[in-house]
Every structure is written in structure tokens, then in C-alpha cells.
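I have placed the structure first, in the form of C-alpha cells, so that the comments after it can refer back to it.
The values are calculated or read from the model by the stated rules, or taken from the named source; none is laboratory data. Remember, it's a predicted structure, so these values are computed and weren't measured experimentally. Virtual Cβ from ideal backbone geometry, glycine too; neighbours counted across all protein chains shown.
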Amino acid sequence: MPSDLAGDRRARDADAVRYIVLRKLASGLRHSLMGELQSIQFLAELSARLLPNRSDEARLRDCVEKIPHAAAAAITTCHSVIEWLRPEEGATTSLGDAVAQCVRLAGDDWKMRSTVATVELPREAGDTLVSKAAARELVVTSLLVVTDLHRGALDIAVDARPLEGAVELSLRASLSKRSPALAPMIVYQPLAWDDIAILADVHGVTCRCDDGVITLRFAAAAPAPQRQAL
């Protein structure tokens, strides 16, 4: 098969996996947005109720002053959601921040599933800068894969170790004896080990899936150059 056709097929396969991932993350992304917007709604409604009665002006002032901060938080969350849909080319993030965000999104219903993630990243590994697009896609996809493949409550362990010019992240899951409140279910289409490999190949990330352990090796990114003061 000509290399350009193989590249096109690889890109289409990666996009198909991304679509499934986004369908699975829809609930978590919605909750992130709605939480911020509901704060604005609450403050606005409370301000409207206090407005006719000026006897509690201090409380009214407090509510009104909180609205810009709540709106700024909502804008930040919106930008974050858009980044999941269209990552900024060349953007980097610390591995620790990427893992924390992925656990929060993928774990939107983990309390109901009695699933618990334990993240233990040594500081040197967690502070390592990596490609934001690669880390987000591969970490969150790995979390979704283990919950699709293992029905029932899980204990998920995430750790990492720094390497020369890279950082290696490991993720393993084991069944727990806890009783989930939510019946085992798969949202949309199930993901499997091969789906992680497809995305890893596109990002140029080395990955292994051995004995239920997912290992991802991310290249360390150079820190952004500091701007000189004028």
C-alpha cells in the first residue's frame, strides 16, 4: 500500500477512536460546563431577589461582585473543553496536570461504579513537560479502555518514572470487592488495547499493553522560552 494511502487510513482510524472517546467524555465535559454556568445562574437569581429590597445591600454587593469571577471561571472551562475538540498545535503541559484532568473527566461516574484511581507521580516525573494533545488523548483513552474491559468496581493505579529525555507512565487496573451502585455498562462503543496503539502511533508515543498494564513513554518537551522584559 502506498505510504500516503497508509497515512490517510491511519489518520481516519485515529479520528474514529477520538470520536468514541469524545462520546464517552460527553457527560464529564457537560458537567464541567454546567457546574460553572449554574454558579453564575445562582448568583444572578439571588441578586435579582435581593435587588427590590435594599435592606441587605451588603449581601447584594457580595453576590454581584462574585459574578465576574464566576464568569471568568466559566470562560476558562469553555476554553479547556474546546482544547479537547481542537488541541492547540505544539502546546505542552506537565504530565501531572494532564493525568489529573484525565482522571477527573474519565471518572465522572466512578463514584457510582465504586471505582477508585490512585495517582502517585514522583515530582520529577509529574513536572515533566509533554505534548498536551498526546498526553490528554492517550491517558484518558487508557482510563476508558480499562473501565470498558473490566466490568465492575476497579482499583486503578497510575504511576510514572522519569527517563533521560522522556517520562514513562504506567496504568494498571484490578477488580475490587466493592459493590458498585451503578450496574456495569459501556457508554457508546467499547474501546480496547488496539485503540490506544492507534493513537500512540499517530503521536509517535511508545506504548505497551502487557498483562493488563498500560505503559506510555512520552518524549519530554523543551520548556517554552521566557520572554525578556522590555
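Restricting the stretch 99-108 to residues that are within 28 Å of residue 161 (Cβ to Cβ) and not hydrophobic (A, V, I, L, M, F, W, C) leaves a set whose member that is surrounded by the fewest Cβ atoms within 10 Å (Cβ to Cβ) is 104. Is there a residue in the stretch 94-112 that is polar (S, T, N, Q), at pLDDT below 90 and not assigned by TED's automatic domain parsing to the domain that holds residue 37? Checked the stretch 94-112: at least one residue is polar (S, T, N, Q), at pLDDT below 90 and not assigned by TED's automatic domain parsing to the domain that holds residue 37. If you filter the stretch 27-75 down to residues that are of a type in the set (Gly, Ala, Ser) and exposed (fewer than 13 other Cβ atoms within 10 Å of the Cβ), you find that the one that is farthest from residue 108 (Cα to Cα) is 55. Sub-7 Å Cβ pairs linking a first residue in the stretch 154-180 that is within 17 Å of residue 216 (Cβ to Cβ) to a second residue that is assigned to a strand (DSSP E or B) and among the basic types (Lys, Arg), at least 6 apart or interchain, are 157/172; 166/217; 168/161; 168/217, ordered by first then second residue.
Can you find, within the stretch 109-141, the residue that is surrounded by the most Cβ atoms within 10 Å (Cβ to Cβ) among those that are among the hydroxyl-bearing types (Ser, Thr, Tyr), more than 20 Å from residue 192 (Cβ to Cβ) and more than 16 Å from the chain's Cα centre (by Cα)? Show your work before the answer.
Kept after step one, since they are among the hydroxyl-bearing types (Ser, Thr, Tyr), are these residues of the stretch 109-141: 114-115, 118, 128, 131, 141.
From what's left, more than 20 Å from residue 192 (Cβ to Cβ): 114, 118, 128, 131.
Narrowing further to those that are more than 16 Å from the chain's Cα centre (by Cα): 114, 128.
Working: 114: 17, 128: 26.
Once the filter is applied, the top-ranked residue is 128.
Return yes or no: is residue 18 in a helix (DSSP H, G or I) and closer than 30 Å to residue 203 by Cβ?
Values: in a helix (DSSP H, G or I): yes; closer than 30 Å to residue 203 by Cβ: yes.
Yes: the conditions hold for residue 18.
Scan the helices (runs of 4 or more DSSP H) fully inside the stretch 61-150 and keep the ones with 2 or more residues being closer than 23 Å to residue 23 by Cβ and polar (S, T, N, Q).
On the way: elements: 95-106, 110-113, 123-126, 132-149.
Answer list for the stretch 61-150: 132-149.
Scanning the stretch 15-38 for residues that are more than 15 Å from the chain's Cα centre (by Cα) and either hydrophobic (A, V, I, L, M, F, W, C) or not assigned by TED's automatic domain parsing to the domain that holds residue 66 (or both) gives 16, 17, 34, 37.
Could you list all residues from the stretch 173-220 that are surrounded by 13 or more Cβ atoms within 10 Å (Cβ to Cβ), within 23 Å of residue 127 (Cα to Cα) and small (Gly, Ala, Ser)? Correct list: 200, 219, 220. Condition check for residue 172 on (1) under 20 Å from the mean Cα position of the chain (by Cα); (2) assigned to a loop (DSSP other than H, G, I, E, B); (3) basic (Lys, Arg): one failure, at (2). Being more than 27 Å from residue 199 (Cα to Cα), of a type in the set (A, V, I, L, M, F, W, C) and not assigned by TED's automatic domain parsing to the domain that holds residue 203 is a condition met by no residue of the stretch 81-91.
Checking every residue in the stretch 42-55 against the condition of being among the hydroxyl-bearing types (Ser, Thr, Tyr), more than 30 Å from residue 201 (Cα to Cα) and at pLDDT 80 or above gives at least one match. Residue 90 meets all of the listed conditions (1) out of contact with any helix residue (DSSP H, G or I) (no Cβ under 7 Å at 6 or more places or on another chain); (2) surrounded by 12 or more Cβ atoms within 10 Å (Cβ to Cβ); (3) under 27 Å from residue 130 (Cβ atoms) but one, namely (2).
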